[in-house]
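J.: Got a structure for you, questions after.
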Amino acid sequence: MPETKTAEILDGKACAAETRGGLKERVSAHTEKGNRAPGLAVVLVGDDSASELYVKNKITACKNVGIESFLHKYPADATQEEVMKCIKILNDSDTVDGILVQLPLPKHLSESEILEAMRPDKDADGLHPYNLGLLLTGKPGLRPCTPAGVMTLLDKYGVKLEGANAVVIGRSNLVGKPVALMLMQKNATVTICHSRTKDLKEVVRNADVLVVAIGKSKFVQGDWIKPGAVVIDVGIHYTKGDNEKSVITGDVDYAAASSVARMITPVPGGVGPMTVAQLLANTVCSYEKRLGLN
Ligand code: NAP
């Protein structure tokens with residue numbers, strides 16, 4: 001009988017724990033010398049249950065590494081003025097090093113105006129146009145959390161990017177575009193796919209490294225994947241499975257893909273924990289810079 005191969009798991013949970021451990025040591029070294037703790041302010045508007053869960057996890061993660069968190073919660077009908085006023089107060093606060101506005105915001109609010117109102121040096125999510133500009137021009141700065149988390153994971157597992165054909169499915173400002181830039185900066189040859197891409201399956205077939213951020217459960221099939229490819233699944237979907245139990249899936253058909261790929265991220269336990277770890281890393285970097293610590 002032919003041997004069935006299974007891809008190596010890119011363990012985001014373990015890699016994120018390692019990052020958090022390093023951050024915890026850095027923070028305690030600073031506070032032991034009498035410095036205040038780093039502070040992350042989280043702005044949550046509305047009562048979306050997924051957003052509430054993400055915020056809860058981020059606040060717990062902050063606590064575990066010694067970052068103080070400040071939750072600013074607003075009802076779903078909060079006005080643009082109220083949220084903008086909150087951002088201004090946080091911009092001026094001496095104890096806030098990072099600001100995170102949990103997305104998506106309710107539709108009546110202008111996401112871009114709110115993100116742009118934030119001080120770029122407190123932009124914990126790395127989504128301010130100034131920080132995205134630094135990324136585009138290859139200069140150091142606060143990086144978007146999910147793409148930076150993906151790059152840390154690839155690096156941790158020694159995935160060779162130089163000269164590799166990297167395919168990114170998705171072109172959002174949050175994931176697709178920044179991850180494509182980061183892969184290019186590591187000298188991969190990058191193709192970005194989106195909803196108008198022709199022959200998507202054929203493009204994917206050419207990928208040595210495939211990053212999928214499309215927002216459609218199990219969209220990428222096993223037979224699209226080049227044997228031996230490295231597959232990064234950014235998607236997260238909560239669906240009801242058998243017995244009404246909640247099932248979490250990604251954008252890739254994991255079972256089929258893991259028998260073809262060389263390495264693959266699981267969902268959950270892949271990109272998700274790396275995103276949170278990068279948020280903490282951005283906050284600690286902002287804090288060290290603001291306080292002149294190294
Ligand atoms: P998004 O803003 O909805 O972008 C989705 C992208 O996929 C768009 O660029 C879209 O193309 C493209 N697309 C849609 N249908 C397609 C198709 N049939 N063929 C090819 N491309 C198609 O989503 P996002 O914010 O980037 O997030 C993507 C996924 O990642 C979601 O499941 C989200 O929940 C998840 N996510 C996870 C984390 C984490 O920490 N793990 C963080 C962020 C996001 P067009 O531009 O042409 O519309």
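J.: Quick check on this structure: which one of LEU161, LEU127, LEU142, LEU132 is assigned to a helix (DSSP H, G or I), more than 10 Å from the ligand (Cβ to nearest atom) and modelled with pLDDT of 95 or more?
T.: Details: LEU161 fails: assigned to a helix (DSSP H, G or I); LEU127 fails: assigned to a helix (DSSP H, G or I); LEU142 fails: assigned to a helix (DSSP H, G or I).
Just one listed residue meets the conditions, LEU132.
J.: Evaluate region 56-67: report whether one residue or more is open to solvent by 80 Å² or more (accessible area, probe 1.4 Å), more than 20 Å from the chain's Cα centre (by Cα) and not basic (Lys, Arg).
T.: No, because not a single residue in region 56-67 is open to solvent by 80 Å² or more (accessible area, probe 1.4 Å), more than 20 Å from the chain's Cα centre (by Cα) and not basic (Lys, Arg).
J.: Mind listing just one residue for me: the one in region 253-270 that is open to solvent by 30 Å² or more (accessible area, probe 1.4 Å), of a type outside the set (A, V, I, L, M, F, W, C) and under 18 Å from MET151 (Cα atoms) and, of those, nearest to the ligand (Cβ to nearest atom)? Explain how you work it out, then say what you get.
T.: Step one: list which residues in region 253-270 are open to solvent by 30 Å² or more (accessible area, probe 1.4 Å), which gives 253-256, 259-260, 262, 267-268.
Narrowing the set further to residues that are of a type outside the set (A, V, I, L, M, F, W, C) leaves 253-254, 259, 262, 268.
Those left that are additionally under 18 Å from MET151 (Cα atoms): 262, 268.
Working: ARG262: 21, PRO268: 9 Å.
Result: PRO268.
J.: Follow-up question, since we're still on this one. If I filter region 198-210 for residues that are in contact (Cβ under 8 Å) with a residue 40 or more places away in the chain and closer than 24 Å to LEU100 by Cα, do I get at least one hit? Give the derivation first.
T.: Narrowing region 198-210 to residues in contact (Cβ under 8 Å) with a residue 40 or more places away in the chain: 206-210.
Then keep just the ones that are closer than 24 Å to LEU100 by Cα; that gives none.
No, region 198-210 contains no residue that is in contact (Cβ under 8 Å) with a residue 40 or more places away in the chain and closer than 24 Å to LEU100 by Cα.
J.: Right, another one. Hey, can you tell me all the residues within region 68-85 that are open to solvent by less than 10 Å² (accessible area, probe 1.4 Å) and either in contact (Cβ under 8 Å) with a residue 40 or more places away in the chain or of a type in the set (Asp, Glu) (or both)?
T.: Our first condition is that a residue be open to solvent by less than 10 Å² (accessible area, probe 1.4 Å); within region 68-85, this holds for 78, 83.
Residue satisfying the conditions is VAL83 alone.
J.: Looking at the structure I just gave you, is THR191 at pLDDT below 95, within 15 Å of the ligand (Cβ to nearest atom) and either out of contact with any helix residue (DSSP H, G or I) (no Cβ under 6 Å at 6 or more places or on another chain) or not in a loop (DSSP other than H, G, I, E, B) (or both)?
T.: Numbers: at pLDDT below 95: no; within 15 Å of the ligand (Cβ to nearest atom): yes; either out of contact with any helix residue (DSSP H, G or I) (no Cβ under 6 Å at 6 or more places or on another chain) or not in a loop (DSSP other than H, G, I, E, B) (or both): yes.
Against the criterion (at pLDDT below 95, within 15 Å of the ligand (Cβ to nearest atom) and either out of contact with any helix residue (DSSP H, G or I) (no Cβ under 6 Å at 6 or more places or on another chain) or not in a loop (DSSP other than H, G, I, E, B) (or both)), THR191 does not qualify.
J.: Something else now. Look through region 236-252, keep the residues that are near the ligand (Cβ under 10 Å from one of its atoms) and open to solvent by less than 10 Å² (accessible area, probe 1.4 Å), and return whichever of them is nearest to GLY170 (Cα to Cα). So that I can check it myself, show each step before the final result.
T.: The first filter runs over region 236-252 and keeps only residues near the ligand (Cβ under 10 Å from one of its atoms), leaving 236-238, 249-251.
Narrowing the set further to residues that are open to solvent by less than 10 Å² (accessible area, probe 1.4 Å) leaves 250-251.
Numbers: GLY250: 14, ASP251: 11 Å.
Among them, the one singled out is ASP251.
J.: Restricting region 164-188 to residues that are farther than 22 Å from LEU142 by Cα and within 14 Å of the ligand (Cβ to nearest atom), which is surrounded by the most Cβ atoms within 10 Å (Cβ to Cβ)?
T.: The residue in question is ILE169.
J.: With the requirement that a residue be within 12 Å of the ligand (Cβ to nearest atom) and open to solvent by 70 Å² or more (accessible area, probe 1.4 Å), what does region 199-218 give you? Steps first, please.
T.: Filtering region 199-218 down to residues within 12 Å of the ligand (Cβ to nearest atom) leaves 199-201, 203-204, 211-218.
If the condition is that a residue be within 12 Å of the ligand (Cβ to nearest atom) and open to solvent by 70 Å² or more (accessible area, probe 1.4 Å), then ASP199, LYS201, LYS216, LYS218 are the ones that fit.
The values are calculated or read from the model by the stated rules, or taken from the named source; none is laboratory data. None of these values were measured; they are calculated from a predicted model. Every residue, glycine among them, receives a Cβ derived from its backbone with ideal geometry; neighbour counts consider all protein chains shown. For the accessible areas, the whole protein counts, side chains as well, though only heavy atoms, and no ligand, DNA or RNA atoms are used. Shrake-Rupley method; radii C 1.70, N 1.55, O 1.52, S 1.80 Å.
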